[in-house]
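Participant: Dumping the structure here so I can ask a few things about it.
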Amino acid sequence: MLGELQWTLVGVVVLILVAVLIYNRWQERRAKDSINKIFISPTRLDDAALAGTDLDLNQDLDLKVDERAEDLADIEPPWQTPREAEFVQTELSIGDETPWSLETHAESPMAELPHSESLLSKDRATPQGPVTPAAPPAETLAKVASPLNADIEFIIRFPFRLTADRALADMVDRMRSGPDSVRIVGQAEDGGEWQAIDHYSTAVYERAEIGLLLANRKGPTRQDALQNACLLADRYATSHGSAVDYTDVVLAARQAIDLDRFCMEVDQLIDFSVVVPDGFPFSGEALARLVTEQGMQYQSSGGFVMKGETGETLFVLVNRESAPFPANGQGMRTHGVTLMLEVPRCKDGLYAFDRMIGLGDFLADKLSGRVVDSQGRPINTVRLQHDRAALSEACRRLNDRGITPGGEQAQRLFA
C-alpha cells in the first residue's frame, strides 16, 4: 500500500515538472516572437501593431541585430547613408549627489543596447507616386546649415519640396511626447534661410527636417518612440513619391541613454532657507517689501523671481511652507522662505549664486532669521565654497559638451 502511494506521488511530481517546463518553453517562444516583430520592416507594420510594441531593452537582442546586419551586408541602400550618432563618455564627478528633478525623478533605465555596424532601417524601394518638383542643386541648399542639433536631437530629413499643410502638422503632433519634444524646420525656396514650421505655416519649402529631443527630465527618449516617428515620416514621404533619411535607431537610442546619464550628473539644484530663530513667524508683507526692494518680481504662481539684465531667471524665492505667497504678502505669516537656483538653466551661475547668497544674508539680518540648508543645518563658509565649486564644475561640463548653461538647448533638456 505504501509503495503504491509513493509511486503515485512520484508520478504527480513528474507531471508538474513537465507542465512547468512546457509553460516556460511557451513563454520563451512568446518573448522571442515579440522581439522578432520589433525588427520587421516598418513598412510591413500597421499603426496598431506599432503602438502596441513595448521594447524590453533587457532582452538578448544581439542575435537579431547580427541577423539583420547579415541580411543588409550585400544590399546597397537606395538612400543616403546617415551620419552615425556620436557619443561622449563622461567620468567626472561633482560634489554631492543632486536630484535630477525638482520633484521626483525615477532613475532612467540604463539597459545596454546592442551595437550595430550597419543600418537597421528597412530595405526601402523607391515608392511610386506623384512626381515631386525638382529642387535646387544640393550645393546651393547646403550653404545654409540646419538649426537642428544632432548632439541632442534625432533628426529625420525630408530631402524634397513640400508644403506646410495639415498632413504635415498632424504627423508632427503624433510624434510629440511633450511641449518641446519635437521641432520641425524648413528651408525656404531657392536655398534660403531655415524657418520654424508651426500649425499656422502654409509656405512651400525646398526641404525640411524634424528633430526629436533625445532626453529631458523625464528620462531618455525610448527606441520605440523613435521607430514610431520614422514610420510616420516614411508614410508621409511615400505619399509624396519620395523617401526620408535618418540615422540608425538603435544607435540613437544609445545616444539618448548616454545624454540622459550626463544630464542627471550635472542637473544641480542649489537651495537654502531663511527661517525664524525663535518660533515667531515672519510677516508676509515685510518679506514681500524687502525682496521687492532688492529687485525680485512677484509671480502669479505665488513666489518671487530674480531676473538678469536680459530677462533670464537667476533664482526664485518661495514659501518654505505649502501655502503660496499672496500678492504683496498680505495677511501671510510664515516660519521661513527658500531660495532656489537651477544650475543648468541659469545663464551665469556664479553670478546668480553670489546674488542669492547675498539676498539670503540680507533677509536674515533684516528679519533676525537664520540661513539653513534643507535639513535645517546652519550654512557655513565651507558649505558655500563646496556648492560654488560644484556649480562651477557643472557649468564647465555643460560647456564642454556644447550645451550653454541657460541657453536654448539647456532650457529644453532640463525642462
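The values are calculated or read from the model by the stated rules, or taken from the named source; none is laboratory data. Note that this is a predicted model, so its numbers are computed, not measured. Reconstructed Cβ throughout: ideal geometry from the backbone, glycine too, with neighbour counts over all protein chains shown. The protein model used for the area step is the full one, side chains on, heavy atoms only, and it has no ligands, DNA or RNA in it. Shrake-Rupley method; radii C 1.70, N 1.55, O 1.52, S 1.80 Å.
Participant: Determine, for each peptide in 343-350, 285-292, 306-313, 171-178, the mean count of other beta carbons within 10 angstrom over its residues, then list the peptides with the highest first.
Facilitator: Details: 343-350: 20.6, 285-292: 17.9, 306-313: 12.6, 171-178: 14.9.
So the peptides 343-350, 285-292, 306-313, 171-178, ranked by packing, come out 343-350, 285-292, 171-178, 306-313.
Participant: Give the long-range amide H neighbours of Arg345: residues separated by 5 or more places, or on another chain, with amide H under 5 Å away, using H modelled in the peptide plane at 1.01 Å from N.
Facilitator: Those lying under 5 Å, H to H, from Arg345 are Gly406.
Participant: Quick one: pull the percent of accessible area on segment 288-415 belonging to carbon and sulfur, 1.4 Å probe, ligands and nucleic acids left out. Don't skip to the end; give the middle numbers.
Facilitator: On the way: 3020 of 6340 Å².
Percent of accessible area from carbon and sulfur atoms in segment 288-415: 48.
Participant: Quick one: 3J(HN,Hα) in Hz for segment 383-396, Karplus 6.51/-1.76/1.60 with θ = phi - 60°, rounded, Gly and Pro as x.
Facilitator: 5, 5, 5, 5, 5, 5, 5, 5, 4, 4, 5, 4, 5, 4
Participant: Give a residue-ordered list of calculated ³J(HN,Hα) values for segment 349-361 (Karplus: 6.51 cos²θ - 1.76 cosθ + 1.60, θ = phi - 60°; whole Hz; x for Gly, Pro).
Facilitator: x, 5, 5, 5, 4, 5, 5, 5, 4, x, 5, x, 5
Participant: Which value does Rg/Rh take for segment 146-275 over its C-alpha atoms, Rh per Kirkwood? Present the calculation step by step, with values, prior to reporting the outcome.
Facilitator: On the way: Rg = 16.7 Å, Rh = 15.7 Å.
Radius of gyration over Kirkwood radius for segment 146-275 works out to 1.06.
Participant: Work through the residues other than Thr221 whose Cβ is under 10 Å from its Cβ and net out their charges, Lys, Arg +1 and Asp, Glu -1.
Facilitator: Local net charge: -1.
Participant: Collect residues whose amide H, placed 1.01 Å from N in the peptide plane, falls under 5 Å from the amide H of Phe272; neighbours closer than 5 in sequence don't count.
Facilitator: Leu339
Participant: What number comes out for accessible area per residue over segment 152-279 if the probe is 1.4 Å? Units Å², please.
Facilitator: On the way: 4520 Å² over 128 residues.
Result: 35 Å² of accessible area for each residue.
Participant: Taking a cut-off of 13 Å, what percent of all Cα-Cα pairs in segment 282-330 are separated by more than that? Don't skip to the end; give the middle numbers.
Facilitator: On the way: 626 of 1176 pairs.
Value for segment 282-330 (Cα pairs over 13 Å): 53 percent.
Participant: What ³J(HN,Hα) values, in whole Hz, does the Karplus curve 6.51 cos²θ - 1.76 cosθ + 1.60 give for segment 316-333 when θ = phi - 60°, with x put for Gly and Pro?
Facilitator: 10, 10, 10, 5, 5, 8, 6, 6, x, 6, x, 4, 6, x, 4, x, 9, 10
Participant: Just to verify a number: FRET efficiency for Arg289 and Thr310, C-beta to C-beta distance, R0 = 30 Å, to 0.05? Kindly include the intermediate steps, with their values, before the conclusion.
Facilitator: Numbers: r = 26 Å, r/R0 = 0.88.
Working from the Cβ atoms, E equals 0.70.
Participant: Which far-off residues, 5 or more places away or on another chain, put their amide H under 5 Å from the one on Ala215, with H placed in the peptide plane?
Facilitator: Those qualifying (amide H under 5 Å, at least 5 residues apart or on another chain) are Thr221.
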